[in-house]
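Starting off with a structure, shown below.
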Amino acid sequence: MKPLLVYFAVLIACLAIVVAARKSAAAKLCWCWPANQHMVAGPKPQIERNEYLSYGSYDSEPDWNSPERIISLDFNQGQGKRVYYQQCVWCHSDATPAGPSNRSNLTPDPPLMNDGNILNRESDASLRKIISLGGSAVGKSAMMPPYGSTLSEEEINDVIAYIRAIATPEYPNGSTKNTSSGSKPL
């Protein structure tokens, strides 16, 4: 009789654990869905955005020097932003999404990618060469690795379009659009 009581006690304890850990149907489908939030039919909730994009913009970036100013990015610049935050931010920014950057550990300090005073002295072709071949191939720091075999030509052009868009002061040509892929500036 005693083993039967122990068996039922363990069974009831297991059932209590299962009920306590019960997930909603949505939580079973997707790990990111909160377990206590169930799917309900209804209107999509309105989400208020504090940033406003211009008509036809693909993405945005807060100005690094003045965060209340939002820079609208076209598709190529948005793709350049994606590549920049994957490959370049670790050395060419003071902070990264993961915390401090590696910039302070490098000699000489790599230029910040929003520093128009430095970037505007370089042509798009020169930047393309630096990114593709690395710093030592063009007489700059050997700490800049070559990305020609890592990034496609289109990705390199997109990164250049992105850094031209966020540079302060703006690029003197007046156009921050990616014109190297054959499209004409507006």
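Collect the residues in the range 69-90 that are of a type in the set (Phe, Trp, Tyr), without any contact (Cβ under 8 Å) to a residue 40 or more places away in the chain and assigned to a helix (DSSP H, G or I), keeping them in residue-number order. Talk me through it step by step, then tell me what you get.
Here is the first cut: in the range 69-90, the residues of a type in the set (Phe, Trp, Tyr) are 75, 84-85, 90.
Within this subset, residues satisfying the condition of being without any contact (Cβ under 8 Å) to a residue 40 or more places away in the chain are 75, 85, 90.
Residues satisfying the conditions are PHE75, TYR85.
Filter the range 139-169 down to the residues that are in a loop (DSSP other than H, G, I, E, B) and hydrophobic (A, V, I, L, M, F, W, C), then identify the one that is farthest from the chain's Cα centre (by Cα). Let's see the steps before the verdict.
Pass one, the range 139-169, residues in a loop (DSSP other than H, G, I, E, B): 139-152, 167, 169.
Subsequent filtering for residues that are hydrophobic (A, V, I, L, M, F, W, C) retains 142-144, 151, 167.
On the way: ALA142: 26, MET143: 23, MET144: 20, LEU151: 16, ALA167: 17 Å.
Ranking the candidates gives ALA142 first.
Let me ask something additional. What residue, among those in the range 99-120 that are within 19 Å of ILE156 (Cβ to Cβ) and touching a Pro at 6+ places or on another chain (Cβ under 9 Å), is surrounded by the fewest Cβ atoms within 10 Å (Cβ to Cβ)?
ILE118
If SER93 satisfies all but one of (1) at pLDDT 90 or above; (2) assigned to a loop (DSSP other than H, G, I, E, B), what's the number of the condition it fails?
Of the numbered conditions (1) at pLDDT 90 or above; (2) assigned to a loop (DSSP other than H, G, I, E, B), the odd one out for SER93 is (1).
For the range 53-63, give me each residue that is at pLDDT below 75 and either within 16 Å of the chain's Cα centre (by Cα) or surrounded by 13 or more Cβ atoms within 10 Å (Cβ to Cβ) (or both). It would help to see each step written out before you state the result.
Residues of the range 53-63 at pLDDT below 75: 53-58.
The answer is LEU53, SER57, TYR58.
Between SER149, SER123, SER136, SER175, which is at pLDDT below 90 and either among the polar types (S, T, N, Q) or surrounded by 14 or more Cβ atoms within 10 Å (Cβ to Cβ) (or both)? Steps first, please.
Working: SER149 fails: at pLDDT below 90; SER123 fails: at pLDDT below 90; SER136 fails: at pLDDT below 90.
Going through SER149, SER123, SER136, SER175 in turn, the sole match is SER175.
The values are calculated or read from the model by the stated rules, or taken from the named source; none is laboratory data. None of the values given here were measured: they were computed from a predicted structure. Neighbour counts run over all protein chains shown; Cβ positions are idealised from the backbone, glycine included.
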